[in-house]
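Everything below concerns the one structure shown next.
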Amino acid sequence: MVPQDVPARRRVIASPRMKILVTGSAGHLGDALVRTLRVLGRDVVGIDVLPSPTTDVAGSIADADTVRRCMRGVHAVLHAATLHKPHVDSHPRQAFVDVNVTGTLNLLEAAVAEGVQSFVFTSTTSTFGDALVPPPGEPAAWITEDVVPQPKNIYGVTKVAAEDLCRLFHRNQRLPVLVLRTSRFFPEDDDQAHVRSAYDEANAKANEFLYRRVEIEDVVDAHLLAVERAREIGFGRYIVSATSPFTREDLAGLRRDAPAVVRRRVPAYEAVYAARGWRMFPSIDRVYVNDLARSELGWQPRHDFASVVARLAAGGDLRSPLAVQVGAKGYHRKVATAD
């Protein structure tokens, strides 16, 4: 029986007999996925190069033999292992190829050999790269799945390559694969020095729920729904980000005077921010649109800017309960072959 304290939208893995492989199980998302699946009573195996309470196999997805052993008897794969954008400064480019491309290829080949029913690949909105920042004076970018990726570093290039491998394996081997391009959900400080120096950490993260952040509880929901829908859909790419209050008509105003637009869309934010001494970003350059994930996956994200403002107004935490449980992981800095 599913525990009653698990939100209904995370009670979606239909068969208790389904064995699920989670890669990157020591990372933020992998930890959250394994925790949730264990609470649901599912048979889950976590693999990561880093030992952790949510890691069953300490090994690298870049090693094909290790992947084949982990894939035995598996019905679904949640592939969250990756070298991340912060690793660009600490890892050689070849390490990104080894993990993000070769590791994904190993998993796809083993999944086909094992007859896996659903394969879910965690990608990133970073794949859009230069498409995210319009030229000066232009409106904010409206980012849907139709926007062509323009990756600007080895992280983005290898994630796009891994997405294309997923599409290839669906096309040629009929493996059901869904790609989830997630926006920011990590709790660490912002990777941009000018943001870290100008804004309180929680202030910056709250601002990002307007256009480029998602709560980890909602990311988990999207992944579990993708497991259920993969066989029906076959192949698809989806943006997984908090629902924005903005429309296309707001894009020019967001670039010129974001606080004025936010004031119009979510007026309650001003008093909450004033009480905390927080500020809205003066300009917003893009808006991630999650319409396709909501319509095709049946995803219903519960956390957005308005809900965050309401929670803060009531004295609550910016983070969801699951985010509090998972905590901050940091990013390992030694050269390794998985996340």
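Rule-based calculations on the coordinates, nothing more; no lab input. These figures come from a predicted structure and were not determined experimentally. We place every Cβ from the backbone using ideal geometry, glycine too, and count neighbours over all the protein chains shown.
Overall, the chain carries a charge dipole of about 380 debye about its Cα centre when +1 sits on the Cβ of Lys and Arg and -1 on the Cβ of Asp and Glu, all other atoms neutral. Cross-link partners for LYS152 among the aspartates and glutamates, with Cα-Cα distance under 15 Å and sequence neighbours closer than 8 places in the same chain left out: ASP89, ASP130.
Counted by Cβ distance under 9 Å from ARG196, the other residues give a net charge of -4, where Lys and Arg count +1 and Asp and Glu count -1.
Full extension of the chain segment joining ALA314 with ARG167 gains 48.4 nm, where the gain is 0.36 nm per residue of separation less the Cα-Cα distance. Reported to the nearest whole Å, the Cα centre-to-centre distance from the range 38-72 to the range 215-252 is 25.
Modelled label positions at ALA193 and ARG72, each set 7 Å beyond Cα in the direction of Cβ, lie 5.1 nm from each other. Where does the charge balance sit around ARG167 when Lys and Arg score +1, Asp and Glu -1, over other residues with C-beta under 14 Å from its C-beta? Here the count lands on +2. Legend: calculated FRET efficiency, ARG174 to VAL133, from the Cβ-Cβ distance at R0 = 45 Å, rounded to 0.05, equals 0.75. Out of GLU114, GLU249, GLU145, any idea which swings most in a Gaussian network model of the chain, alpha carbons joined below 10 Å? Result for the chain, Cα springs under 10 Å: GLU249 fluctuates most.
Here VAL148 and ALA252 are evaluated by their C-beta separation; at R0 = 25 Å the FRET efficiency comes out at 0.65. Kindly list the residues of the range 214-242 that lie in the label zone of ASP291, defined by a backbone N under 17 Å from the point 7 Å along the Cα-to-C-beta vector. The answer is 237-242, whose backbone nitrogens lie closer than 17 Å to the label point. For the chain, the membrane-span-like helices by this rule, meaning whole DSSP H stretches whose C-alpha atoms cover at least 20 Å of axis and whose Kyte-Doolittle mean is 0.0 or above, are 216-233; this says nothing about an actual membrane.
Please give the FRET efficiency for ALA268 paired with LYS19, using the beta carbon to beta carbon distance and R0 = 35 Å, rounded to the nearest 0.05. Efficiency, rounded to the nearest 0.05: 0.20. Summary value for the chain: 21 percent relative contact order, contacts being C-alpha pairs under 8 angstrom separated by 6+ residues.
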